[in-house]
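Enquirer: Let me begin by handing over the structure; questions about it come next.
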Amino acid sequence: MSETERKIRVLIAKPGLDGHDRGAKVVARALRDAGMEVIYTGLRQTPEMIAEAALQEDVDVVGLSILSGAHMALAPRVLELLKANGQDHVQIFLGGIIPNEDISKLQEMGVTGIYGPGTLTDEIVRDVRKGVVGEVSN
Amino acid sequence: MASVQEVLSGNRLSLARLLSQIENDTPDGRAALSELFPHTGQAHLIGVTGAPGTGKSSLVNQLAHYYRHPPENKTPKRVAIVAIDPSSPFSGGAVLGDRVRMRDLAGDPGVFIRSMASRGSLGGLARTTSGVVQAFDAAGFEIILIETVGAGQAEVDIARLAHTTLVVEAPGLGDDIQAIKAGILEIADILVVNKADRAGVENTERALRNMLNLAHPVKRVYRHHGTLETVPAVPASTTESPEQESVWVPPIQKTVATDGTGVPELGDLIAQHKAHLEQTGDWEGRQRARLQAELDGLLQIILVSRWRDALSPERYQEVLEQLIERNLSPRQAVEELLNGAPRS
Ligand SMILES: Nc1nc2c(ncn2[C@@H]2O[C@H](COP(=O)(O)OP(=O)(O)OP(=O)(O)O)[C@@H](O)[C@H]2O)c(=O)[nH]1
Ligand SMILES: [Mg+2]
């Protein structure tokens, strides 16, 4: 029997109350087109819902799309919950409008990628793959 | 293996990781499944199939909610959901979006939702779905809801895997008989007409009823002392006469999956179907048929692969060439390969 190739699994979630998820969907499709399995959870996810879904789906990466400006509250909370669940290895990236002064703080907390408007999806795909698989295999 | 014990004792992270091992068909995943197997056979497996967009995920959400909050002080059941979406044939990737409709279930430790990509399998399930379902069964989930890809065709695999298969239709998808594929009646234990809040439900229901009457001539008209008598259709739920007990005529249930209308009734029908399977011995029968199919399928795969491992590629090429030259028929070629001494 042939071994099924291991797929990178990514959760794409849209926390917060702003109601537009076009960017999140574009990223989800780009990751799919790069061969990844993307669990898309839709709008208005609480950090608790995101962490729960990440656990049940055993994902490698969580991508958050935050346009509401609440990233400094939401992202650390998601990281904290993932850790509490024993998913320390799960990487988080952020998409949205993040002011420069917040970027380094978020990176220190463990957010691995931060993508502003206009980021090419290729860049996100490459970073996700590099983060999960490591640089050797590409 | 440590993780098997953890899965049996309810550790969700261990379960999630094991599901990945099973999905990737790793040696660890296979070993764990063998260890878990004695603990399986308890769950009620409910398949939910139907064309794209008919409301399968919304309905699964409602059904899970129903089992978590049952009427009349019944005890809630633990619910696992396996939702399968298609993999892209081009990239092999997938966007799995069924969870979007299942937000109501968030925060309930008695529910576990797992999305799966079909990974090239065509029957509406992934190749490893039955393994994933076994793991949930062993982990003590009493109800396992399986949402198929929803190719809109008769998805026979789900009928083989599940005890009870719901086929979901909705108005507005073309309500003529043609749109409702003939094969679905062979797999449906219960027909659900969802989106009953929409115009055209009656047409959909009528089309289904007509098909059903063709497939199951439940209404028999015959002459009795010169007068025409009609034996009415016996709804499966109220079978009384013993000779009719063994026949299950798929009932039709209307639902509105966005607000839960018709879901308690659907829950009742599912329970009645289970009772019917148990009374008629079909519960055991289906289990037996499924396990035998799995045994035979695995035997084939493993025998072929072992035999191929023992066969020299040159010998295979030789016989293949003879076949192409038409010196051997396909059957003779097989016999040549099987009887000719393989290098081993
Ligand atoms: N009006 C109405 N809309 C519904 C009903 N059930 C589901 N919907 C809507 O129909 C759309 C599709 O519902 P889903 O539950 O995602 O359908 P699905 O069959 O799982 O779809 P796929 O998984 O993509 O095949 C959503 O917009 C739902 O809100 C219903 O009973 N009435
Ligand atoms: Mg769905």
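Enquirer: Normalise the Debye intensity by I(0) for region B:51-146, one equal point scatterer per Cα, no solvent, then take log10 at q = 0.20 Å⁻¹ and round to two decimals.
Expert: Debye output, listed in q order: -1.01.
Enquirer: Given a cut-off of 24 Å, what percent of all Cα-Cα pairs of region A:9-130 lie beyond it?
Expert: Details: 1102 of 7381 pairs.
Of the Cα pairs, 15 percent sit more than 24 Å apart.
Enquirer: Can you give the Rg/Rh ratio of the protein assembly as shown, where Rg is from the C-alpha atoms and Rh is the Kirkwood radius? Can you show the working numbers first?
Expert: Details: Rg = 25.7 Å, Rh = 24.9 Å.
Checking Rg against Rh, the ratio lands at 1.03.
Enquirer: What's the average, rounded to a whole number, of partner chain beta-carbon atoms within 10 Å of each residue's beta-carbon in A:36-47? Could you put the intermediate results ahead of the total?
Expert: Working: counts 6, 12, 7, 13, 9, 9, 6, 2, 1, 4, 3, 0.
Mean number of neighbouring Cβ atoms from other chains: 6.
Enquirer: Among A:Ser68, A:Leu94, A:Gly118, pick out the residue whose Cα is farthest towards the positive end of the charge dipole of region A:9-130, where Lys and Arg carry +1 and Asp and Glu carry -1 on C-beta, about the Cα centre.
Expert: Ranked along the dipole, the leading option is A:Gly118.
Enquirer: Note the angle between two axes, namely the Cα long axis of helix B:313-324 and the longest principal axis of the Cα atoms of chain B, as a number of degrees from 0 to 90, rounded to the nearest 10.
Expert: 70 degrees
Enquirer: Evaluated at 37 °C with a viscosity of 0.692 mPa s, what Stokes-Einstein diffusion coefficient in µm²/s does region A:38-104 have when Rh comes from the Kirkwood expression over alpha-carbon pairs? It would help to have the intermediate numbers written out before the result.
Expert: Numbers: Rh = 12.3 Å.
After rounding, the answer is 268 µm²/s.
Enquirer: On to the next question. So what is the 222 nm mean residue ellipticity for chain A from helices alone, if each DSSP H run of at least 4 adds -39500 (n - 2.57) and you divide by all residues, rounding to the nearest 500 deg cm²/dmol?
Expert: On the way: 5 runs with 59 residues, N = 138.
That calculation yields -13000 deg cm²/dmol at 222 nm.
Enquirer: So if I take the centroid of the Cα atoms in region B:135-150 and the same for region A:96-138, what is the distance between those two points in Å?
Expert: 35 Å
Enquirer: Nearest 10 degrees is fine. How inclined is helix B:263-280 to the longest principal axis of chain B, computing both from alpha carbons?
Expert: The answer is roughly 60 degrees.
Enquirer: Helix A:47-56 sits at what angle to the longest principal axis of chain A, using alpha carbons and giving 0 to 90 degrees rounded to 10?
Expert: 10 degrees
Enquirer: Ignoring everything except DSSP H segments at least 4 long, calculate the 222 nm mean residue ellipticity for chain B; use -39,500 (n - 2.57) per segment, divide by total residues, nearest 500. Let's see the in-between values first.
Expert: Values: 12 runs with 146 residues, N = 344.
Mean residue ellipticity, 222 nm, calculated: -13000 deg cm²/dmol.
Enquirer: If you build a Gaussian network model of chain B, linking Cα atoms that sit under 10 Å apart, which residue out of B:Ile187, B:Ile146, B:Ile324 swings the most?
Expert: Its mean-square fluctuation being the largest, the pick is B:Ile324.
Enquirer: While we're on this one: Averaged over peptide A:73-86, how many Cβ atoms belonging to another chain are found within 10 Å of each residue's Cβ? Mind dumping the intermediate values first?
Expert: On the way: counts 0, 0, 0, 0, 0, 0, 0, 0, 0, 0, 0, 0, 3, 6.
The shielding value for this peptide is 1.
Enquirer: Divide, for chain B, the radius of gyration over alpha carbons by 2.2 N^0.38 Å, where N is the residue count.
Expert: 1.16
Quick note: the coordinates plus some simple rules give every number you see, no bench work behind them. Note that this is a predicted model, so its numbers are computed, not measured. Please note: Cβ atoms are built from the backbone with ideal geometry, for glycine as well, and neighbour counts cover all protein chains shown.
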